[in-house]
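The values are calculated or read from the model by the stated rules, or taken from the named source; none is laboratory data. Quantities reported herein were computed from a predicted structural model and do not represent experimental measurements. Neighbour counts run over all protein chains shown; Cβ positions are idealised from the backbone, glycine included. The area values use the complete protein model at the heavy-atom level, side chains included, leaving out ligands, DNA and RNA. Shrake-Rupley method; radii C 1.70, N 1.55, O 1.52, S 1.80 Å.
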Amino acid sequence: MEANRLMDQAERHILHTYNRYPVVFDHGEGVYLYDTEGKKYLDFAAGIAVQALGYADQEYNQALKEQVDKLMHTSNLYYNQPCIEAAEKLCAASGLDRAFFTNSGTEAVEGAIKTAKKYAYEKDGCTDHEIIAMNHSFHGRSLGALAVTGTAHYREPFEPLPGIVKFADYNDLDSVKALVNDKTCAIILETVQGEGGIYPAEEGFLKGIRQICDDKDILLILDEIQCGMGRCNTMFAWQGYGVRPDLMTCAKALGCGVPVGAFVMTERVAQASLKPGDHGTTYGGNPFAGAAVSKVFDIFKERRLTEHVAELSVYLEETLEQLKSEYDCISARRGRGLMQGLELAVPAGEVSSKAFAQGLLIITAGTNVLRFVPPLVIEKEHIDEMKEKLKIVLDCF
Ligand SMILES: *Cc1c(COP(=O)(O)O)cnc(C)c1O
């Protein structure tokens, strides 16, 4: 079979840092993916919360094709129109003021950390500032992003990691307060923890952190890489809490398939932090990525996607609650919008593998949580189809 040949070839030449599902995907349509053998899969993973528009969206594809023929890249030494428009739309959607485009989520986190350090350095000229991050957080794999990632097995082989980072417990305000001192320059957290097991922030926790930051002139960095871009019923998850960050990171669904991220900040932070020469990127915000981001925001607006998510997420939550009441192996449901998790008493990886065999793509978050991050364009019928397939799988446990 062609797929087996390709997988053998992959295992010879691609560095083995992933244990992949045994499949080679060939193309996609709507919320379905098709492998090289023609088998169809219902996709509740969306390329890890990236493909908000699903696959083969004609309007999105057309915009990219036009940009490919026009201009791909010029570097940041010159202005380009798609990136200017993308930045304007990102700022309008977030209510923040200035964006820096990156090529990934990790780089957006790096940029946000650098911004916070520079902000503190501009104030007192010192370089010993501290950052507070959360246990079980995930912010990326580069050394800086890893330094604020609160999962020991990701970190340990690569220590010492840069900077002074202290870890508090998510949704435990006292544990944050206990770490704050005069050297604290930033508090970074995901508005909804993703990789750590789908834990939404509690409103009091987020508001309490905002208050600490206001009182002490500490920058609040919200990582919206997974939970942002409409996934949690509002364009950015924090907009549903009435709490505004000083800095936000964004990626995954920002480009809906084109690799692009951003860190975005208030004018106040921008004026007092990074200056020409402090930060840069060759590719970041190039015309191609800019065209993708710009079109994504247009489509979100035209199709009222956040309203669609708010509507569909009620149905997804009901469906998952129903499964929970039917199956003893499901111990909890958590989440916000179309970012949901089922905590299992059986290994989530085994459930995911069996679902894969049923033609359902569903990923895990940690060892015992099944993660639901479908394309935002799903309809009720897809949720019903997911339920039927998942029931066949859960019946085996
Ligand atoms: C995926 C993710 C990242 C890292 O993004 P990459 O594009 O993989 O570098 C950072 N933070 C959160 C919350 C994420 O989900």
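When the residues of segment 339-397 are narrowed to those that are in contact with a Phe, Trp or Tyr (Cβ under 7 Å, 6 or more places away or on another chain) and aromatic (Phe, Trp, Tyr), which ends up surrounded by the most Cβ atoms within 10 Å (Cβ to Cβ)? The selected residue is PHE372. Determine whether segment 191-203 contains at least one residue that is closer than 18 Å to GLU110 by Cβ, among the charged types (D, E, K, R) and either more than 10 Å from the ligand (Cβ to nearest atom) or touching a strand residue (DSSP E or B) at 6+ places or on another chain (Cβ under 6 Å) (or both). Yes, the conditions are met somewhere in segment 191-203. Filtered by the rule that a residue be more than 17 Å from LYS252 (Cβ to Cβ) and surrounded by 12 or more Cβ atoms within 10 Å (Cβ to Cβ), segment 41-59 gives TYR41, LEU42, ALA56, GLU59.
Looking across segment 60-111, not a single residue is touching a Cys at 6+ places or on another chain (Cβ under 7 Å) and loosely packed, with under 13 Cβ neighbours inside 10 Å.
Applying the criterion of being on the phi > 0 side of the Ramachandran plot and in contact with a Leu (Cβ under 9 Å, 6 or more places away or on another chain) to the residues of segment 204-230, the residue that is nearest to the ligand (Cβ to nearest atom) is MET229. Starting from segment 193-219, take each residue that is modelled with pLDDT under 95 and list its partners that are among the hydrophobic types (A, V, I, L, M, F, W, C), counting only C-beta distances under 7 angstrom and pairs at least six apart or across chains. Listed pairs, sorted by first residue: none to list.
Looking at LEU77, is it among the hydrophobic types (A, V, I, L, M, F, W, C), within 13 Å of the ligand (Cβ to nearest atom) and free of Cβ contacts under 8 Å to residues at least 40 places away in the same chain? Considered against the rule, which asks whether it is among the hydrophobic types (A, V, I, L, M, F, W, C), within 13 Å of the ligand (Cβ to nearest atom) and free of Cβ contacts under 8 Å to residues at least 40 places away in the same chain, LEU77 comes out as no. Say whether the condition of being in contact with a Cys (Cβ under 9 Å, 6 or more places away or on another chain) and within 30 Å of SER94 (Cα to Cα) is met by at least one residue in segment 380-394. No, segment 380-394 has no match at all.
Residue by residue, here is whether (1) open to solvent by 10 Å² or more (accessible area, probe 1.4 Å); (2) within 13 Å of the ligand (Cβ to nearest atom); (3) assigned by TED's automatic domain parsing to the domain that holds SER94 holds:
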| position | (1), (2), (3) |
| --- | --- |
| THR234 | yes, no, yes |
| VAL243 | no, no, yes |
| GLY255 | no, yes, yes |
| ALA262 | no, yes, yes |
| THR282 | yes, no, yes |
| ALA292 | no, no, yes |
| THR319 | no, no, no |
| SER325 | yes, no, no |
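Only one of the numbered conditions (1) more than 15 Å from the ligand (Cβ to nearest atom); (2) under 30 Å from THR306 (Cβ atoms); (3) of a type in the set (Phe, Trp, Tyr) is not met by TYR119, and that is (2). Residues that are among the basic types (Lys, Arg) and farther than 14 Å from GLY47 by Cα were ranked within segment 1-33; the one that is most open to solvent (accessible area, probe 1.4 Å) is ARG12.
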